[in-house]
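Contents: one structure, followed by commentary.
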Amino acid sequence: MNAKFLKPYDPQKTEDKIYKLWEKSGFFNPDNLPNRHKDPFTILMPPANANGDLHAGHGLVVTIEDIIIRYARMRGKKALWLPGTDHAGFETQVVYEKKLEKEGRSRFKMKPKELYKEILDFTLINKKNIIEHIKKMGASCDWSREKFTLDKDIVKTVYKTFQKLSDDKLLYRGKRIVNWCVKHQTSLSELETKSEEQTDTLYYIKYGPLIIATVRPETKFGDTAIAVNPNDARYKKYIGKEIKIDTQIGKNILKVIADDFVEPEFGTGVVKVTPAHDPNDFEIGLRHNLEVIEIIDKYGRLNKNTGKYEGLKIKEARKIIVEDLQNAGLIEKIDENYKHTIKKCYKCLSILEPRIMPQWFVRMKPLAKPIIEEIEKNNIIYFPKNYKKIMLHWLKNINDWNISRQIVWGIPIPAKICEKCSDGFVDIDNIITKCASCDEDIIKDTDTFDTWFSSGQWPFAVLGYPNSQDYKTYYPTDILETAGDIIFFWVSRMLMLGKYITGKIPFNKIYLNGMVLDEKGKKMSKSKGNVINPLDLTKQYGTDAFRMGMLIGNTPGSNIALSDNKIKAYKHFANKLWNIARFVIENTEDTDLENKPKITESDKKIMDELYKFIENINKDMEEFRFYMAAEKLYNYIWHILADVIIEESKSIFNEDDEKAKLSKKWTLYQILTVCLKLLHPFTPFVTEEIWQNLPKKDSGFLIISEWPNDKNL
């Protein structure tokens, strides 16, 4: 008996050794696979943010993708799983700002180059740690092709895309209203906002003969019109007329305009229009050619256009202005229970301040149109299917994308800007010196790209578009697997930019996993103290147990509750498999396994059932029902192989029928090798360790053994 099996299975002593064995074999690299691996199969790892530790969501993504790639590799595919990490722009800078705050420092008191260097050092350390953590999860990806979103070739590709968008008139620098985070001092795209319902005070203020309702009386100094619905009979007589109002810093005259956006049921049916500080008012202003008056600066303070209120912060100003309006008898009434939706920064949760400022925008409707067509033709398949409808709705209502961020960390935008007329000029080669509109000197743009602009080019950028052999071999990729909560941030951008640049969609299957919650079903967060590091669980129970616990019962798109008890249960399963292997090896070590003996009827029935089981598992794997395949394997191995087949074999081994013994030994060994193969994508470490100690096997490594079917048994 192999001495190794005399001891219980110990994942802590096994996993690092097995992973080094795989790396040494070279089989993570598709170029080194045996000749039977011909047709390419590609997955690109969603680049993990290199700004912290591996989290439970990463653990789930790595588990599912490793299952997919190991299955493809065993099926004879030339399987490439390309790994990478993301500099993660704004998100990483936010993490680093928190570090600076703890140290009593501020990024606003640092030189840009100094800050960039510090964040780069911080990111590279985290990048190295993240890679080691991903390896601990058993990821069989090709580390020789690992990419980082700040690699020179990636940045070069990003710049070429920026230039092409400009050449094709899909890029412009426009002075439009954007979401501004006062805390972080940067604009954010719509996807980086968090909408929350909030109860605020609704103020009814006298505007001459009319009464308007607003939650923001402090912005009244930027009003440039009063608006009513054109079909509201109450106010038709006022449309087109000018009304004199008292602003607390002097008189103002506002014209009453009619616009369909105004809801007669809201407040009094009369609203003030402040184009500089409300996105809806901005659109009304464009339609009616209204003046734009900015009254709040980038620090969230009232500016010189507010007279005596200059320098006050928004909430402080609101309180004082309301008191002044009340003293002047201009407040008609106050509703303190007005519920409405406000936008917050998705990182710091501070209320965003709409501001008009020049930014770089991408025209999205022309990019979205071909993807809508691909989805409607079912050329893009979603798991789960309901995401098709979700994606179509979003794409059909897409707005232009603000891709510029006022942060240091990220890929610099290769452009020049004119401060006088706000024009921008793409200048990758750094040769433009004068503004084409006003002939003024221009300066370098100090903004950086939205990180989703660069990561949105991940599939073709990492494969070396357009001339590399990898691009020609592995693009388009076969499937994208990622978290459902970044379907708009990342997935949609990759589809649009991939089709736009290469003419081909980067993948035609999209598998979206849900969120990993704590054992009580609550979202994990550092503030709640319920964040689970997957490596803590793998150290305690083994990586295979963690992978099975994360997968079983986890349907695509559904959230999963992660608990110690669930992972612990699958540690027992790894031990069970180990004991099964020990029993089979112990009872077959002196047996001729090369030649198939005459099989008894009962063993023939067992093998027929095994063939059907293999067919069942294969169907689940082909249709991406990994959670079902894993559960079926668990039940077969524990409740059929261990509880029934092995128990029945014990009595046969105690009898004198040598033919029945030989039949049973051969059958048991076949079942063991089949189960190891079927289970390998799910629990790679324990299965490979057992495989390495088998007396007879069809390949030196389970990782490249042939996937079972009724023709290769």
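The values are calculated or read from the model by the stated rules, or taken from the named source; none is laboratory data. Keep in mind that this is a model prediction, so the values were computed, not measured. So basically every Cβ, Gly included, is an ideal-geometry build from the backbone, and we count neighbours across all protein chains shown.
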- Residues (part of a loop (DSSP other than H, G, I, E, B) and either of a type in the set (Lys, Arg) or surrounded by 13 or more Cβ atoms within 10 Å (Cβ to Cβ) (or both)) located in segment 424-436: Asp427, Ile428, Ile432, Cys435
- Scanning segment 692-713 residue by residue, those without any contact (Cβ under 8 Å) to a residue 40 or more places away in the chain and surrounded by 23 or more Cβ atoms within 10 Å (Cβ to Cβ) turn out to be Leu702
- Note on the structure: Gly503: passes all of (1) more than 30 Å from Phe162 (Cβ to Cβ); (2) at pLDDT 95 or above; (3) of a type in the set (Gly, Ala, Ser) but (1)
- With criteria (1) touching a residue at least 40 places away in the same chain (Cβ under 8 Å); (2) over 27 Å from Asp260 (Cα atoms); (3) in contact with an Asp or Glu (Cβ under 8 Å, 6 or more places away or on another chain), Ile284 comes up short on (2)
- Note on the structure: Residues of segment 1-32 being without any contact (Cβ under 8 Å) to a residue 60 or more places away in the chain and within 19 Å of Trp81 (Cβ to Cβ), in sequence order, are Lys20, Lys24, Gly26, Asp31, Asn32
- Conditions (1) over 16 Å from Leu672 (Cβ atoms); (2) at pLDDT 95 or above; (3) assigned by TED's automatic domain parsing to the domain that holds Pro681: number failed by Leu577: (1)
- Task: Report, ordered by the first and then the second residue, all pairs with beta carbons closer than 8 Å, sequence separation of six or more or different chains, a first member in segment 568-584 that is over 15 Å from Asp643 (Cα atoms), and a second member that is β-branched (Val, Ile, Thr).
- Result: Tyr570/Ile552; Ala574/Thr683; Ala574/Val686
- Per the filter on segment 130-145, residues within 20 Å of the chain's Cα centre (by Cα), farther than 15 Å from Asp536 by Cα and part of a helix (DSSP H, G or I) are Ile131
- Residue in segment 466-483 that is over 24 Å from the mean Cα position of the chain (by Cα), in contact (Cβ under 8 Å) with a residue 60 or more places away in the chain and buried (at least 17 other Cβ atoms within 10 Å of the Cβ) present: yes
- Message: Condition (residue is under 18 Å from Ile205 (Cα atoms), surrounded by fewer than 16 Cβ atoms within 10 Å (Cβ to Cβ), of a type in the set (Val, Ile, Thr) and over 42 Å from the mean Cα position of the chain (by Cα)) applied to segment 256-267: is it met by at least one residue?
- Response: no
- Query: Taking segment 611-656 on its own, how many of its residues are crowded, with 17+ Cβ neighbours inside 10 Å and of a type in the set (Phe, Trp, Tyr)?
  - Reply: 6
- Subset of segment 376-393 that is in a loop (DSSP other than H, G, I, E, B) and of a type outside the set (Val, Ile, Thr) - its residue that is nearest to the chain's Cα centre (by Cα): Pro384
- Query: Do you know which residues across segment 25-48 are over 19 Å from Leu480 (Cβ atoms) and buried (at least 18 other Cβ atoms within 10 Å of the Cβ)?
  - Reply: Phe27, Phe28, Leu33, His37
- Message: Could you list, ordered by first residue, the pairs with Cβ atoms under 6 Å in which the first is in segment 402-427 and on the phi > 0 side of the Ramachandran plot and the second is polar (S, T, N, Q) and surrounded by 21 or more Cβ atoms within 10 Å (Cβ to Cβ), at least 6 apart or interchain?
- Response: Gly410/Thr448
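Let's see how each residue does on (1) of a type in the set (D, E, K, R); (2) farther than 22 Å from Val516 by Cα; (3) surrounded by 22 or more Cβ atoms within 10 Å (Cβ to Cβ):
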position: Gln540; (1), (2), (3): no, no, no
position: Gly549; (1), (2), (3): no, no, yes
position: Ala561; (1), (2), (3): no, no, no
position: Asn575; (1), (2), (3): no, yes, no
position: Thr588; (1), (2), (3): no, yes, no
position: Thr591; (1), (2), (3): no, yes, no
position: Lys596; (1), (2), (3): yes, yes, no
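Determine whether segment 166-173 contains at least one residue that is outside any helix (DSSP H, G or I) and within 30 Å of Leu537 (Cα to Cα).
Checked against the condition, which is being outside any helix (DSSP H, G or I) and within 30 Å of Leu537 (Cα to Cα), segment 166-173 yields no hits at all.
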- Task: Scan segment 175-188 for residues that are assigned to a loop (DSSP other than H, G, I, E, B) and either surrounded by 23 or more Cβ atoms within 10 Å (Cβ to Cβ) or aliphatic (A, V, I, L, M) (or both) and report the count.
- Result: 1
- Task: State all residues of segment 204-239 that are among the small types (Gly, Ala, Ser) and within 12 Å of Ile334 (Cα to Cα); if no residue qualifies, say none.
- Result: Ala213
- Note on the structure: Residue set Asp608, Asp603; condition in a helix (DSSP H, G or I), in the same structural domain as Pro684 (by TED's automatic domain parsing), among the acidic types (Asp, Glu) and buried (at least 18 other Cβ atoms within 10 Å of the Cβ); output residue Asp603
